[in-house]
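Data first, discussion second: the structure below is written as structure tokens.
The values are calculated or read from the model by the stated rules, or taken from the named source; none is laboratory data. Computed from a predicted structure; not experimentally measured. Glycine gets a Cβ as well: all are built from the backbone with ideal geometry, and neighbour counts include every protein chain shown. Heads up: the accessible areas ignore ligands, DNA and RNA and are worked out on the full protein's heavy atoms, side chains in. Shrake-Rupley method; radii C 1.70, N 1.55, O 1.52, S 1.80 Å.
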Amino acid sequence: DKGAYDYFMLKEIHEQPKTIEETFRGRLQNDYSEIVLGGLLNVFPKIEAAKRIVIIGCGTSWHAGLIAEYLFEEYAQVSVEVEYASEFRYRKPVLSSDDVVILISQSGETADTLAALELAKSKGATVLGICNVVGSTLSRETEAGVYTHAGVEIGVASTKAFTAQVTVLTMIALKLAKRKGTISNETYKVLVKELAEIPEKGRAILDDGEKIKAIAEKYHEAVNALYLGRGYLFPVALEGALKLKEISYIHAEGYAAGEMKHGPIALVDNNLPVVVVAPQDDYYEKVVSNIQEVKARKGNVIAIVTEGDKGLKEMVNDVIEIPKSHPAVAPLLAVIPLQLLAYHIALLKGCNVDQPRNLAKSVTVE
Ligand code: F6R
């Protein structure tokens, strides 16, 4: 039931404050001073001992894995590789019983992800799942795992499942870091609190969502779009571009902002919308200079900025504000306006946002 919403996608975007909360409910305990992940209790010693963690998924789930790479490396100090399931399954990956493999899948039925799971198992690796559909093949075939509690996702374009995956991965990274002693108690507390505050901040973005409609009006006739971000927000740029291309059929590319001058800058002209995720974090100055490079070539910049950022407002064509947060949890907020932007653009183009052409909700064939 779509309720008051025109499309499931819009409903699911709006459910995110609730579904993120559902995903950490019961797991952030004792006034958020402790993270309890029952499904991983028995395997944590193995995860702690792992020299390397391999994360595997497809599409949006792969993007969640990329965010986890930054989290696991920064806080748990473990080296991470993130792989497309479709590539991994046909490579000759070097894996052993010392490795931990985390498979991410909303449906738990994606053929390539399941094949990667079997391959990892056959090499003796510890295989863990992050999955939304209870009782799915992935959840049955992995040794242990954590469910995302996003509820049924009907829109083909994944939204609330993605933020639930990122929530779970953040909890795993922090818990692992705590157990390994690679995070200070203070930072741990700050981050858990920041995670707990995401639903409220997400609501603030959604309450202001109508503004994004006006931005969509300006750009819905574009044929190409570029999405840029750095650090934790580079995967968010990839995800924003994927959302736009899959539901509006506008060709969009996500790029690490620092890579722009190695190719994509050649595309910039006054017809190109460039969406830049630019909150005030450690990368801010660098991202601002990337924005200046785009502006100098007459590109149209739509910037996702921290609330109250006046400087960027003057420099770019359009801004969408998000509440201030710690950089490690910023993806959970920054992705919301990108989902809404894709939605409104697709709607203006008359596309079927819930069932884009050529796509299926669950890719059970290769
Ligand atoms: C994008 C999208 C797809 C899926 C991908 C993996 O919006 O929905 O890219 O993320 O097909 O699906 P799951 O997570 O079910 O394995």
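Listed values, structure above:
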| item | result |
| --- | --- |
| Probe 1.4 Å, all protein chains present, accessible-area order of S136, S97, largest first | S97, S136 |
| Solvent accessible area, Å² - D309, 1.4 Å probe, full protein context | 10 |
| Segment 257-307, dipole about Cα centre (Lys/Arg Cβ +1, Asp/Glu Cβ -1), debye to the nearest 20 | 300 |
| Accessible-area ranking of M260, M315, largest first, probe 1.4 Å | M315, M260 |
| Residue pairs, from the table K46/K175; K2/K361; K261/K295; K193/K310; K218/K286; K180/K324, whose Cα atoms sit over 19 Å apart | K193/K310; K218/K286; K180/K324 |
| At R0 = 25 Å, FRET efficiency that the Cβ-Cβ distance of E118 and D282 yields, to 0.05 | 0.05 |
| T187 accessible area, assembled protein chains, probe 1.4 Å, Å² | 50 |
| Rg followed by Dmax, in Å, when the chain is reduced to its Cα trace | 19.7, 56 |
| Magnitude of the charge dipole, the chain, Cβ model with Lys/Arg +1 and Asp/Glu -1, debye to 20 | 340 |
| Cα centre as origin, Lys/Arg/Asp/Glu Cβ charges: segment 296-345 dipole, Debye | 180 |
| Gyration tensor (alpha-carbon) shape descriptor, segment 1-160, a/c threshold 1.5 | oblate |
| Cα Rg, Dmax, segment 68-148, angstrom units | 12.2, 32 |
| Helical mean residue ellipticity (222 nm; -39500 (n - 2.57) per DSSP H run of 4+; nearest 500) of the chain | -14000 deg cm²/dmol |
| Largest-first ordering by accessible area, 1.4 Å probe, given options S139, S79 | S79, S139 |
